[in-house]
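Derivation of every value follows stated rules applied to the coordinates shown; laboratory data play no part. Small disclaimer: the values here were computed from a predicted structure and weren't measured. Positions of Cβ are generated from backbone atoms using ideal geometry, with glycine treated the same way; all protein chains shown enter the neighbour counts.
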């Protein structure tokens, strides 16, 4: 899409087919610096780095998909198997087809980690200079995910120190990372004896005072309060950044970004401070046991992650799930998701849109169960109280059936007269695998088949969709070594995404042959195969 760029003070106006949109050159500069900082030692990017942050160069440097692919792996390590990427070779540029494959892999991988990619196709990213709003929207989501992904109680159990006198662990668990960050900020301000509090990372931090107190409280020997004696706010902000740099905080923002109160860039800066030095006393083992942070079942945790990523990828307006169990408590997440996968199934007149008490929340949860039963979900013994109280097994059971319904609905739309159920998917995939059979894989009778653990079946299935997509020299044939089984699984997932399949399972799900997740994997490949 061609577009005209005109500068208007702090924003760039972009005139395109869908109207005029604005974006901030300061954000483009900060994101460029973020890439420069975190990708400087990453292989295969010599032709792209460093990015000139004082220009819009980043918009055009996403053109071959490698920059975004590598940053996705910084944000969520091992999401993309580098073996599946088409890389630039000395003296030889990538073809448009190879670029398109990379961008498809980027978009599908972004969806797989819960990024909203509505209306983003390979073409928009390849011609990023003409689509700045799309590129920056995607980049911001990735930068935000990178910075906020570890701001939770699992990664930082010491965050329980932020609990108020009358609060329980559940009160912290339900807070999204942004709110945890504000609470952490205010915790340090209170401990420093300051009367100031931050309710936002915009107007409340633009004078630099709260940042100065925060950094001094975290590290009084390194960060002084001298900035508070400076009346020029830009100079004060520069002193704030000097203090942060002394703590080795990595944030590519400028003093003007603090003074202007840019909420995105101040979130970036505050999260960078937290990630470098939270300044909270480590919990003892007794304290960890007391608050119950070590009780999560690993399998349930992976399912929760997959279902959460799936819901987030649906692009539902004003909805982002940070914790499936806590965020389902008022029923609204479940109802919005149900109405998205089966439009019209929810009568919104029966829904409490602002459920301010437990009775209204349980009422919503009861209605979500009723809608599920109307869609023929198996929900025997499941009640609204179970969802409201965070019963993990029952919430996972319900959301799995929602994900399954959505997966089968997509297939039915594509598949015409094909039988679309577990047996139909298995019959289709067995037929395709036998067409290739380069890995010696054999037909399966269920998604529990133990032979699936080495990914050979999936390699042949993917090759049946595109006979050039698999490099068989990269496969560990016949290996039973755990690390090589994981490498095979990781490669299969990335190749599927390279074809455009939307995947939410992890390599461990394949190696351990988790039937629910494998069903969604095969169904996603089938969706691409039917399209082809």
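Annotations for the structure displayed:
- Taking only alpha carbon atoms, the stretch 416-531 gives an Rg to Rh ratio of 0.92, where Rh is the Kirkwood radius.
- When the convex hull of its Cα atoms is projected in every direction, mean area for the stretch 306-396 (nm²): 5.5 nm²
- Computing FRET efficiency as 1/(1 + (r/R0)^6) for residue 163 and residue 376, where r is the C-beta to C-beta distance and R0 is 45 Å, gives about 0.60.
- Peptides 339-348, 249-258, 57-66, 120-129 ranked from most to least packed give 57-66, 249-258, 120-129, 339-348, packing being the mean of other C-beta atoms within 10 angstrom over each peptide's residues.
- Pairwise Cα separations in the stretch 70-221 fall into 10 Å bins from 0 onward with the following percentages, short to long: 9, 28, 26, 19, 14, 4, 0.
- Label positions at residue 36 and residue 98, each projected 7 Å from the Cα along the C-beta direction, are separated by 2.8 nm.
- Of the three principal axes defined by the Cα atoms of the stretch 4-148, the extents in descending order read 43, 34, 30 Å.
- Counting only alpha carbon atoms, the long axis of helix 392-415 and the longest principal axis of the chain meet at about 60°.
- Counting neighbouring beta carbons within 10 Å and listing from fewest to most, the residues 365, 223 come out as 223, 365.
- Neighbour-count ranking [beta-carbon atoms within 10 angstrom, fewest first] of 47, 34, 476: 47, 476, 34
- Fewest-first sequence of 109, 219 by Cβ atoms within 10 Å of each Cβ: 219, 109
- Here residue 317 and residue 481 are evaluated by their C-beta separation; at R0 = 51 Å the FRET efficiency comes out at 0.65.
- Residue 438 paired with residue 179, simple spin-label distance in nm, labels 7 Å along Cα-to-beta-carbon: 5.1 nm
- Expected 222 nm ellipticity per residue - DSSP helices of 4 or more, -39500 (n - 2.57), all of the chain, to 500: -16000 deg cm²/dmol
- Rounded tilt (10° steps) of 25-39 against the dominant C-alpha axis of the chain: 70 degrees
- Radius, Kirkwood style, for the stretch 157-287 when every pair of distinct Cα atoms is counted (Å): 15.1 Å
- Taken as Cα centroids, the stretch 37-112 and the stretch 367-388 sit 43 Å apart, rounded to the nearest whole angstrom.
- Helix 66-75 axis, angle to the chain major axis (alpha carbon atoms, nearest 10°): 70 degrees
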